[in-house]
Amino acid sequence: MTTSLFLAHCNICGSTNIERYLTVKQYKLVVCKDCGLVFRSHQKIAPQRRLNESQSVYYSHKYNSRITAKPRDALASLYDWWKADLVIKFLTKSKMLLKGTKVIDIGCSVGYFLTLARAAGAKVLGIDVSPVAKQLAREMFGIEVEVGEFPNSFSLSHSKANLITFNDSFEHLLSPFAALSKAKKWLSRNGNIFIRTPDISYCKNRNSLRKWRLLQPQDHLYFFSGSSLETLLLLTGFKVIKLTRVSGWIYVLAESQTKVHVSDSRKQPIDRYLFQEKARKLRV
Ligand SMILES: [Zn+2]
């Protein structure tokens, strides 16, 4: 049994004004004409339980290979440390990693980023879909990880965070909108969100997109530009305070808002989204 999850509407703005964008291997990508979100469509997605199992197998293989002594895996591990360090530098420069800051990393893997954040003085907690990641994070770095599919598997069972991070995990989520909505509830007043995700606007045209090393449509469900990501943050109650593009990646830092100001240019898709949300609720 399979379930179609990405058929009807854009996950950001709720629009059904969607057209074909690109087909890579057996994966069909579509684009929302209102907010620019590119996403996988008409995919047969395995049910939640099977998805968890398949991801655990994937992570198990990947993570296990990274802690062996083979030179290639040592290089992979070095690459992960380097990527984590780039984010630490970004957050430190933005004064986000002060002593005692509580950080929750969603999709934390074995905890490279959290290990560095802890060294910078933060209190840290990881969330990951893989039980193998949990085990390795504890054994290798003494990092605590809660296991499950975010956001559906979780309720708030811990104190609120000052900073929630998504390091290369946001594009894997089934619903980025639901993830940010829940993350907002897990944040203290005026808490912050950090996201690093591939930047689809890095590719100049569809041919270069086909060859893009970060496309990976077998794992990545959503492809953001700075603009579509900003719209999503706005709609889920965040104000962007810093957004930079580095070598095909977007680094964005946003602050949780009690009241959100929406500019006129963004109102149309937002109104449509709110209308469709109401329609969806009526149908349930
Ligand atoms: Zn949209």
Q. With respect to residue 149, is the statement that it is more than 23 Å from residue 85 (Cα to Cα), within 14 Å of the chain's Cα centre (by Cα) and without any contact (Cβ under 8 Å) to a residue 24 or more places away in the chain true?
A. no
Q. Among the residues of region 224-234, which ones are more than 13 Å from the ligand (Cβ to nearest atom) and small (Gly, Ala, Ser)?
A. 226
Q.
Considering only region 182-195, I want to know if a residue exists there that is within 17 Å of the chain's Cα centre (by Cα) and in a loop (DSSP other than H, G, I, E, B).
A. no
Q: Would you check which residues across region 11-32 are part of a strand (DSSP E or B), surrounded by 17 or more Cβ atoms within 10 Å (Cβ to Cβ) and within 15 Å of the ligand (Cβ to nearest atom) and list them?
A: 18, 21, 29, 30, 31, 32
(Q) Taking the condition of being under 24 Å from residue 245 (Cβ atoms) and either free of Cβ contacts under 8 Å to residues at least 12 places away in the same chain or among the hydroxyl-bearing types (Ser, Thr, Tyr) (or both), how many residues in region 83-131 meet it? (A) 7
Q: Select from region 235-259 the residues that are more than 19 Å from residue 171 (Cβ to Cβ) and either within 16 Å of the ligand (Cβ to nearest atom) or surrounded by 21 or more Cβ atoms within 10 Å (Cβ to Cβ) (or both) and list them in ascending order.
A: 256
**Q.** Residue that is modelled with pLDDT of 95 or more, charged (D, E, K, R) and over 19 Å from residue 37 (Cα atoms), where the choices are 139, 144
**A.** 144
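The values are calculated or read from the model by the stated rules, or taken from the named source; none is laboratory data. Nothing here was measured: the structure is a model prediction, and the numbers come from that model. Virtual Cβ from ideal backbone geometry, glycine too; neighbours counted across all protein chains shown.
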